[in-house]
Amino acid sequence: MKLVFATHNQNKVKEVQLLLPKHITLLSLKDINCTEDIPETANTLEGNAQLKADYVTKNYGYDCFADDTGLLVAALNGAPGIFSARYAGMQKNAEDNMNKLLHELKNKADRSAHFKTAIALNIGKEKLLFNGIVNGEITKEKNGSGGFGYDPIFKASGYKETFGELPLSTKNKISHRGLAVQKLIDYLKSI
């Protein structure tokens with residue numbers, strides 16, 4: 001079975017490929033020659049994920065899933081949220097995003113946050129949504145060089161290491177994306 005993951009982020013593709021059943025061939029946007037930056041104009045993570053999945057299904061004819069992920073920080077009223085990737089500007093630079101967030105939390109006592117991933121799946125004529133959430137906190141400095149995005153400054157509840165320090169195998173089991181993808185996989189195994 002061929003299934004497109006509507007992303008240009010090869011780190012995401014690598015993470016998800018490790019979790020998928022062997023009978024599913026995961027294709028990225030690059031694999032289907034989709035070079036467009038698919039618009040994310042919805043005001044929710046779920047809405048943005050659905051927009052991306054619909055775009056691929058409509059324009060390329062593949063069964064597809066797409067995700068949107070946000071980091072929601074309590075002291076910032078849920079920011080950066082749907083703007084997580086471009087929090088510090090349209091260049092979507094992870095270092096700039098982390099630096100901005102650390103600066104904005106500099107004098108805040110409440111550093112609680114959660115990551116949320118929404119996955120929209122278009123398969124056949126069905127449209128399904130899966131969510132994954134991991135609670136934690138924003139550290140005061142960057143730790144670790146693994147992962148991507150905000151991983152070096154996010155520590156999941158119950159862990160001493162940031163996502164940037166955890167082995168990928170551990171992160172995949174507890175992360176927002178890992179939890180949402182597991183729900184997707186459970187569904188794919190049932191069909």
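The values are calculated or read from the model by the stated rules, or taken from the named source; none is laboratory data. Note that the structure is predicted; figures quoted are calculated from it, not measured. Glycine gets a Cβ as well: all are built from the backbone with ideal geometry, and neighbour counts include every protein chain shown. These accessible areas exclude ligands, DNA and RNA; they are computed on the full protein's heavy atoms, side chains included. Shrake-Rupley method; radii C 1.70, N 1.55, O 1.52, S 1.80 Å.
Quick grid of which residues meet (1) touching a residue at least 40 places away in the same chain (Cβ under 8 Å); (2) farther than 24 Å from SER84 by Cβ:
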| site | (1), (2) |
| --- | --- |
| ILE32 | no, yes |
| ILE38 | no, no |
| ALA49 | yes, no |
| THR57 | yes, yes |
| TYR60 | yes, yes |
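If you filter region 156-191 down to residues that are surrounded by 21 or more Cβ atoms within 10 Å (Cβ to Cβ) and among the hydroxyl-bearing types (Ser, Thr, Tyr), you find that the one that is modelled with the highest pLDDT is THR162.
So, in region 107-139, of the ones that are of a type in the set (D, E, K, R) and at pLDDT 95 or above, which residue ends up least open to solvent (accessible area, probe 1.4 Å)? If we take residues in region 107-139 being of a type in the set (D, E, K, R) and at pLDDT 95 or above, then ARG111 is least open to solvent (accessible area, probe 1.4 Å).
Of all the residues in region 149-191, those that are in contact with a helix residue (DSSP H, G or I) (Cβ under 7 Å, 6 or more places away or on another chain) and hydroxyl-bearing (Ser, Thr, Tyr) number 2. Taken over region 8-23, the criterion of being under 18 Å from GLN182 (Cα atoms), surrounded by 15 or more Cβ atoms within 10 Å (Cβ to Cβ) and touching a strand residue (DSSP E or B) at 6+ places or on another chain (Cβ under 9 Å) is satisfied by LYS12, VAL13, VAL16, LEU20. The C-beta contact set for region 76-97 (first residue touching a residue at least 12 places away in the same chain (Cβ under 8 Å), second residue in a loop (DSSP other than H, G, I, E, B) and hydrophobic (A, V, I, L, M, F, W, C), distance under 7 angstrom, 6+ apart or interchain) comprises ALA94/PHE148; ASN97/ALA88. Only one entry in GLU15, GLU95, GLU40 is among the acidic types (Asp, Glu), closer than 25 Å to ILE138 by Cβ and at pLDDT 95 or above, namely GLU95.
Tell me which residues, restricted to region 140-151, are touching a Lys or Arg at 6+ places or on another chain (Cβ under 9 Å) and surrounded by fewer than 22 Cβ atoms within 10 Å (Cβ to Cβ).
First, the residues of region 140-151 that are touching a Lys or Arg at 6+ places or on another chain (Cβ under 9 Å): 140, 143, 146-148, 151.
Matches in region 140-151: LYS140, ASN143, GLY146, GLY147, PHE148.
Within region 69-80, the set of residues being assigned to a strand (DSSP E or B) and open to solvent by 10 Å² or more (accessible area, probe 1.4 Å) comprises THR69, LEU72.
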